[in-house]
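Written below as structure tokens is the structure these notes are about.
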Amino acid sequence: MDVLGRMLEALHPGGVVLDLQVIRPNPRVEVDGRVVCEIDGEPLFRWADAATAAVDARIAAGDLVEEAVDDHDVRKHYPNGADLVEDVAGSKRRLLESDVPRVRAIEGQVVVHERCRLRRLRLVDGDREASPASGGPLDRRGSTRAVSRRHPSSS
């Protein structure tokens with residue numbers, strides 16, 4: 001079974017999942033607010049796009065409801081360029097070979113600035129369906145009344 005399927009299987013009906021995604025454009029390497037270069041994020045974006053598509057398919061199938069979306073900036077600070085080069089080398093991202101010596105030579109603080117998306121998703125209760133019009137949950141009769149169900153582990 002896939003990771004998403006296992007995660008949803010472990011959730012209580014009505015449970016919330018926070019989905020954090022990296023999004024385009026490529027991350028920028030900055031020193032004192034100036035862009036030094038970009039990090040090639042495409043290998044990570046391809047992986048993230050596949051994960052996003054799997055979540056989107058669960059939303060389209062009515063298994064999940066997207067309740068909120070927040071696109072935001074993330075800045076990761078490194079004490080120097082060498083630490084950044086080492087970190088990127090162990091990831092799905094890549095610095096251009098021509099940028100590695102220049103970034104490695106930076107002795108002061110380096111910041112990687114990138115965009116991320118946080119989505120709050122709710123697992124639709126098995127007795128409820130997602131409303132196509134509102135995206136909100138409805139019980140099978142089309143009523144918006146809450147459906148209460150005791151989870152087997154509750155007492």
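Laboratory data are not the source of any read-out in this text; all were calculated from the coordinates shown. Since this is a predicted model, take the numbers as computed values, not measurements. All Cβ positions, even for glycine, are placed from backbone atoms using ideal geometry, and neighbour counts span all protein chains on display.
When segment 65-92 is filtered for residues that are of a type in the set (A, V, I, L, M) and closer than 15 Å to residue 20 by Cβ, the ones remaining, listed by number, are 68, 69, 74. Of the residues making up segment 1-39, those that are assigned to a strand (DSSP E or B) and over 18 Å from the mean Cα position of the chain (by Cα) number 10. For a quick check of your reading of the model, give me the residue pairs whose first member lies in segment 1-28 and is touching a residue at least 24 places away in the same chain (Cβ under 8 Å), whose second is polar (S, T, N, Q) and assigned to a helix (DSSP H, G or I), with beta-carbon atoms closer than 6 Å and at least 6 apart or on different chains. Qualifying pairs under 6 Å: 21/52. For segment 47-65, a residue qualifies if it is under 13 Å from the mean Cα position of the chain (by Cα) and either without any contact (Cβ under 8 Å) to a residue 60 or more places away in the chain or more than 16 Å from residue 2 (Cα to Cα) (or both), and the qualifying residues are 47, 48, 49, 50, 51, 52, 53, 54, 56. In the set (1) in contact with a Gly (Cβ under 7 Å, 6 or more places away or on another chain); (2) loosely packed, with under 15 Cβ neighbours inside 10 Å, the condition left unmet by residue 26 is number (2).
Can residue 14 be described as in contact with a helix residue (DSSP H, G or I) (Cβ under 8 Å, 6 or more places away or on another chain) and surrounded by 16 or more Cβ atoms within 10 Å (Cβ to Cβ)? It is false that residue 14 is in contact with a helix residue (DSSP H, G or I) (Cβ under 8 Å, 6 or more places away or on another chain) and surrounded by 16 or more Cβ atoms within 10 Å (Cβ to Cβ). Would you say residue 82 is free of Cβ contacts under 8 Å to residues at least 60 places away in the same chain and part of a helix (DSSP H, G or I)? When the stated conditions are applied, residue 82 passes them.
Taking the criterion of being touching a Gly at 6+ places or on another chain (Cβ under 6 Å) and not charged (D, E, K, R), the only residue of segment 74-104 that qualifies is 103.
Number of residues in segment 40-52 that are surrounded by 11 or more Cβ atoms within 10 Å (Cβ to Cβ), of a type in the set (Gly, Ala, Ser) and in a helix (DSSP H, G or I) equals 2.
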